[in-house]
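**Q** Could you have a look at this structure, given as structure tokens, before my questions?
The values are calculated or read from the model by the stated rules, or taken from the named source; none is laboratory data. No experiment lies behind these values; they were computed from the predicted model shown. Here Cβ is always computed from backbone atoms with ideal geometry, including for glycine, and neighbour counts include all displayed protein chains. These area figures cover heavy atoms from the full protein model, side chains too; ligands, DNA and RNA do not enter into them. Shrake-Rupley method; radii C 1.70, N 1.55, O 1.52, S 1.80 Å.
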Amino acid sequence: MSLNSQPITRNSPSAARIQTLYEEAFPANERAPLSILYRRARRPFVDFTAYYEQDTFIGFTYLARRENLVFLMYLAIDPTQRSRGYGSRVLEQIRAAYPGSRIVLNIEAPDPAAANAEERLRRREFYLRSGYEASGYLIKEFGVQYEALVQGGAFGREEYLRLYKRFMGFPLSVLARPKIVQAPDAPPPIGGSRT
């Protein structure tokens, strides 16, 4: 059964919970200012969504899309609701909402020396169990090295950058342009070009 979902605005009843969860779930160097996220969410190609099981707040997602490429920027489940299958259910709802689309997300790249090395591996395993695959790309943004995972087929570097530019706008997309490189141990592309 689907979770209830509602668009989030800064006037949403759950806005305070969204802010608390956002700050708890993501390190400061991985968070865009919430004011910018709200402003960008007014665009027709950006979805900022809260999820509920009846009246219980479960979590939120934030994504942007261009053509058939969807970038899941943030997915957070409330700490009181974790390990109950809600993350998988939210991912299923996203997949159902964008049939035929390729869905991309970035996770902190595995690094045995990182303070949260085990957490990074658990997060990666969760997404792999949920049908995501390694894209073969590493993305460096604001000093953080990410691994891009994808579901639904390969994507190219340039289409990722076009989606990024569409979301960020000018001049932010130029100032904050992510560095995208092919992972050294990347498998061959899954069904498409990486140009």
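**Q** Please indicate, with yes or no, whether at least one residue in segment 86-99 is β-branched (V, I, T) and over 25 Å from R177 (Cβ atoms).
**A** Yes; the residues of segment 86-99 include at least one that is β-branched (V, I, T) and over 25 Å from R177 (Cβ atoms).
**Q** When only residues in segment 23-43 that are outside any helix (DSSP H, G or I) and over 16 Å from the mean Cα position of the chain (by Cα) count, which is surrounded by the fewest Cβ atoms within 10 Å (Cβ to Cβ)?
**A** R42
**Q** Are any residues in segment 28-41 of a type in the set (D, E, K, R) and farther than 13 Å from M168 by Cα, and if so, which ones?
**A** E30, R31
**Q** Another question, if that's okay. Pull out all pairs, ordered by first then second residue, where Cβ-Cβ is under 8 Å, the residues are six or more apart or on different chains, the first lies in segment 1-19 and is touching a residue at least 60 places away in the same chain (Cβ under 8 Å) and under 19 Å from V90 (Cα atoms), and the second is among the acidic types (D, E) and part of a loop (DSSP other than H, G, I, E, B).
**A** R17/D78
**Q** Provide a single number: the residues in segment 7-22 that are open to solvent by 90 Å² or more (accessible area, probe 1.4 Å) and not in a helix (DSSP H, G or I).
**A** Of the residues in segment 7-22, 4 are open to solvent by 90 Å² or more (accessible area, probe 1.4 Å) and not in a helix (DSSP H, G or I).
**Q** So, in segment 129-161, how many residues would count as being loosely packed, with under 14 Cβ neighbours inside 10 Å and either under 14 Å from the mean Cα position of the chain (by Cα) or farther than 21 Å from F26 by Cα (or both)?
**A** Of the residues in segment 129-161, 2 are loosely packed, with under 14 Cβ neighbours inside 10 Å and either under 14 Å from the mean Cα position of the chain (by Cα) or farther than 21 Å from F26 by Cα (or both).
**Q** Going by the structure shown, is T49 within 20 Å of T80 (Cα to Cα) and outside any helix (DSSP H, G or I)?
**A** yes
**Q** Return the total of residues in segment 44-55 being open to solvent by 80 Å² or more (accessible area, probe 1.4 Å) and either of a type in the set (V, I, T) or in contact (Cβ under 8 Å) with a residue 60 or more places away in the chain (or both).
**A** Residues flagged as open to solvent by 80 Å² or more (accessible area, probe 1.4 Å) and either of a type in the set (V, I, T) or in contact (Cβ under 8 Å) with a residue 60 or more places away in the chain (or both) within segment 44-55 amount to 0.
**Q** Which one is nearest to S35 (Cα to Cα), of the residues in segment 68-88 that are within 17 Å of the chain's Cα centre (by Cα) and not in a strand (DSSP E or B)?
**A** In this case the residue turns out to be D78.
**Q** In addition: Taking the criterion of being assigned to a strand (DSSP E or B) and in contact (Cβ under 8 Å) with a residue 60 or more places away in the chain, would at least one residue in segment 143-151 satisfy it?
**A** Yes, that holds for at least one residue.
**Q** So which residues in segment 94-112 are in a helix (DSSP H, G or I) and open to solvent by 20 Å² or more (accessible area, probe 1.4 Å)?
**A** R95, A96, A97
**Q** So, L91, is that one in a helix (DSSP H, G or I), more than 29 Å from A15 (Cα to Cα) and out of contact with any strand residue (DSSP E or B) (no Cβ under 6 Å at 6 or more places or on another chain) or not?
**A** no
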